[in-house]
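The values are calculated or read from the model by the stated rules, or taken from the named source; none is laboratory data. If you're wondering where the values come from, they're calculated on a predicted model, not measured in any experiment. Don't worry about glycine lacking a Cβ; one is built from the backbone with ideal geometry, like all the others, and counts go over all protein chains shown. These area figures cover heavy atoms from the full protein model, side chains too; ligands, DNA and RNA do not enter into them. Shrake-Rupley method; radii C 1.70, N 1.55, O 1.52, S 1.80 Å.
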Amino acid sequence: MLIQPIFKKGFLKGPYFTRPEVSEGKFESTNLISENGYIAERDYIEYKLKEAFNLPPDHPIYIGDEKYFVPAEERIREITSTSLQHHQQYYAERFDCDDFAYVLKGEFCLHTFKDAESEFGLCAGILWGEFSWVTGQHAINWALIAPKGDGADFEIVLIEPQGDVFYNSTEYKAGTMSLILV
C-alpha cells in the first residue's frame, strides 16, 4: 500500500507529516511546500527509508528522536559545502569512510543547534551498505528532502561525505544495507 504524506496545520511551527494509521485528529492532504521545510515523525522516516532501499519490515533502523526537520535539498547542499570535513584527509583505519560520515552527521546536528529557530534536528543520518560508486561496505550519509514541486514526493538522497557528491537512492545495491542511523 502506498502511504502518502499527510499534513496537519497548527500543531507545530510548520506542517508535519506521518502515516495516517498511526495518527490522531483531522488531517488535510495538501501539496503545500513550505518555504522552510516540514517536520517528519519517526514512523514516516522509517517508512521512507525502507521504501527507498526496499528493506523488509523487520530491518532495524535506529531513530533517536520523535520528530525531525525536512528541508529543501539546497539547505543540505549548503551545509555539506561548508562542512569541516573538507579540511580532513583520508587515513585508512584512522580517518576513513565512517569518520567522514560521522563528521558530516555532526555538522547537521551543529547546524540546527546553532539555529535558534530550529525546534528539531535535520532529518539526516548515516548508512552502511554497498553503493554503485565504491566496492564493498561503505559508510555514507543520507537526508530526507522536501518535495521539489507540485505532485512531487519526499526523497531520500545519498551523500558521499568524502566529496559532497549527491546520489539518488537507486545507487544503493539491494540487500547490502547493514546499518541505518538517524
Under 5 Å between amide hydrogens, which residues at least 5 positions from Leu122 or on another chain qualify, with H placed 1.01 Å from N in the peptide plane? Phe69, Thr112
Quick one: accessible area per residue over the range 101-182, 1.4 Å probe, rounded to a whole number of Å²? 43
In square angstrom, rounded to the nearest 10, how much accessible surface does Tyr62 have for a 1.4 Å probe? 120
What ³J(HN,Hα) values, in whole Hz, does the Karplus curve 6.51 cos²θ - 1.76 cosθ + 1.60 give for the range 99-111 when θ = phi - 60°, with x put for Gly and Pro? 5, 4, 5, 5, 4, 5, 4, x, 5, 4, 5, 4, 4
Going by average Cβ density within 10 Å per residue, which order do the peptides 121-128, 156-163 take, highest to lowest? 121-128, 156-163
State the extension gain, in nm to one decimal, for the chain segment bounded by Lys173 and Val134, taking 0.36 nm per residue of separation less the distance between their alpha-carbons. 13.0 nm
